[in-house]
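Peer 1: What follows is a structure written as structure tokens; I'll ask about it next.
The values are calculated or read from the model by the stated rules, or taken from the named source; none is laboratory data. Keep in mind it's a predicted model, so treat the numbers as computed, not measured. Here the Cβ positions follow ideal geometry from the backbone for every residue, glycine too, while neighbour counts run over all protein chains shown. SASA here: full protein model, heavy atoms, side chains in, ligands and nucleic acids out. Shrake-Rupley method; radii C 1.70, N 1.55, O 1.52, S 1.80 Å.
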Amino acid sequence: MIRLVLSDVDGTLIRSDKSLSGRTIDAVEKLRDAEVHFAITSGRPPRGMEMLIEPLSLQTPLAAFNGGLIVEPSMEVLAEHTVPDEIVGRVVELLESFGLSIWVYRGSDWLVLDPDGPHVAKESTTVQFGPTVVHDFDGATHVAKIVGVSDDHDTVARAAQATRAALGDHVAAWRSQPYYLDVTHPEANKGGVAQYLASRYRLDVDEIATIGDMPNDVLMFAHAGLSIAMGNASDDVQKAARRVTTSNDADGFAHAVDEFILRGRS
């Protein structure tokens, strides 16, 4: 019996226009009524997840930066994994060699070189705060996440492979969107989030369900008794999951809760 559901946010829990549907809110309430814990994890910073706390009545930890920073809904820090300081410059240099625009997240700060760069305006709207513009990232320490951004999706994919090949012992590097490459501490990944929550709530793997749409979500599929891919996920992500639901714009999260998690539950 599933006792905890861990969900990705963008492309999974929310629609493409970044809104929560009424069915999704109702589905989370159904989980709560069935005494099933509900938690979220995202590449977003904690501040970029705050707008979900009230409508979903979240009580579980929020796993931001793909698990790089885990906080209570009050924003009290529970756990943190940062990119090794000596690796930050190497990551930035490698991503720049692919022509990617670079963002750096440090604490509550979102640092960018180009405020007019790709997806900066869109991300500001999504997370509901703007970046701090800097001249360079020299000496940046205590970095939670480095992001490489480009609308050339194939280049982003190649950069991800190259980063794992060159620095895979020191960082995790996975796409959170086709145009975003997230680079974090190696223990800051969604599989680690599932393990953290299993320990916190004293759960076995078979009591956990995970749901997501991107390659970085596959890492948490391996730590769940029930893994669910969204209908808008790629074929590779869908093949990695035990079940496939409808798309995020067709209430896929709510469909998964009704059909795969709570169906037949007394």
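Peer 1: With the structure loaded, tell me whether V120 is open to solvent by less than 20 Å² (accessible area, probe 1.4 Å), closer than 24 Å to A188 by Cβ and in contact with a Leu (Cβ under 8 Å, 6 or more places away or on another chain) or whether it fails that test.
Peer 2: Spelling it out, it is not the case that V120 is open to solvent by less than 20 Å² (accessible area, probe 1.4 Å), closer than 24 Å to A188 by Cβ and in contact with a Leu (Cβ under 8 Å, 6 or more places away or on another chain).
Peer 1: Right, next: Please enumerate the residues belonging to segment 130-144 that are in contact with a Ser or Thr (Cβ under 9 Å, 6 or more places away or on another chain) and open to solvent by 10 Å² or more (accessible area, probe 1.4 Å).
Peer 2: Matches in segment 130-144: G130, P131, T141, H142.
Peer 1: Could you go through segment 48-62 and let me know if any residue there is touching a Lys or Arg at 6+ places or on another chain (Cβ under 6 Å), of a type outside the set (K, R) and closer than 21 Å to P186 by Cα.
Peer 2: No; the residues of segment 48-62 include none that is touching a Lys or Arg at 6+ places or on another chain (Cβ under 6 Å), of a type outside the set (K, R) and closer than 21 Å to P186 by Cα.
Peer 1: On to the next question. Would you please name the residue that is farthest from Y201 (Cα to Cα), looking only at residues in segment 5-26 that are out of contact with any Pro (no Cβ under 8 Å at 6 or more places or on another chain), in contact (Cβ under 8 Å) with a residue 12 or more places away in the chain and in a loop (DSSP other than H, G, I, E, B)?
Peer 2: Going through the qualifying residues, I end up with S16.
Peer 1: Kindly list, by first and then second residue, each pair from a residue in segment 122-135 that is in contact (Cβ under 8 Å) with a residue 12 or more places away in the chain to a residue that is surrounded by 14 or more Cβ atoms within 10 Å (Cβ to Cβ) and assigned to a loop (DSSP other than H, G, I, E, B), limited to pairs with Cβ atoms under 7 Å and residues at least 6 apart or on different chains.
Peer 2: Taking only residues 6 or more apart or on different chains, the pairs are T126/K18; V127/R44; V127/P45; V134/L113.
Peer 1: Report yes if some residue within segment 151-169 is closer than 28 Å to L6 by Cα, touching a His at 6+ places or on another chain (Cβ under 9 Å) and not in a helix (DSSP H, G or I); otherwise report no.
Peer 2: Among the residues of segment 151-169, not one is closer than 28 Å to L6 by Cα, touching a His at 6+ places or on another chain (Cβ under 9 Å) and not in a helix (DSSP H, G or I), which makes the answer no.
Peer 1: Please go through segment 150-170 and give me each residue that is closer than 21 Å to P84 by Cα and either open to solvent by 10 Å² or more (accessible area, probe 1.4 Å) or touching a Ser or Thr at 6+ places or on another chain (Cβ under 6 Å) (or both), ordered by number.
Peer 2: Within segment 150-170, Q161, A162, R164, A165, A166, G168, D169, H170 meet the criteria.
Peer 1: Looking at segment 51-66 only, could you name the residues that are surrounded by fewer than 18 Cβ atoms within 10 Å (Cβ to Cβ) and not in a loop (DSSP other than H, G, I, E, B)?
Peer 2: M51, I53, E54, P55
Peer 1: Also, quick follow-up: Any idea how many residues of segment 115-144 are of a type outside the set (F, W, Y), part of a loop (DSSP other than H, G, I, E, B) and closer than 20 Å to G43 by Cα?
Peer 2: Final tally of qualifying residues: 10.
Peer 1: Answer with yes or no whether N232 is open to solvent by 50 Å² or more (accessible area, probe 1.4 Å) and either at pLDDT 95 or above or farther than 21 Å from R175 by Cα (or both).
Peer 2: So N232 passes the test.
Results for (1) modelled with pLDDT under 95; (2) assigned to a helix (DSSP H, G or I); (3) open to solvent by 40 Å² or more (accessible area, probe 1.4 Å); (4) on the phi > 0 side of the Ramachandran plot, shown as yes or no for each residue.
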residue	(1), (2), (3), (4)
S176	yes, no, no, no
D182	yes, no, no, no
S199	no, yes, yes, no
N216	yes, yes, no, no
D236	no, yes, yes, no
A254	no, yes, no, no
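Peer 1: Of all residues in segment 238-252, which are within 19 Å of A224 (Cβ to Cβ) and either among the β-branched types (V, I, T) or surrounded by fewer than 20 Cβ atoms within 10 Å (Cβ to Cβ) (or both)?
Peer 2: Hits for segment 238-252 are Q238, K239, A240, R242, R243, V244, T245.
Peer 1: What pairs come up if the first residue lies in segment 73-102 and is at positive phi and open to solvent by 50 Å² or more (accessible area, probe 1.4 Å), the second is in a helix (DSSP H, G or I) and β-branched (V, I, T), and their beta carbons are under 8 Å apart, counting only those six or more places apart or on different chains?
Peer 2: Filtered contacts from segment 73-102: G99/T155.
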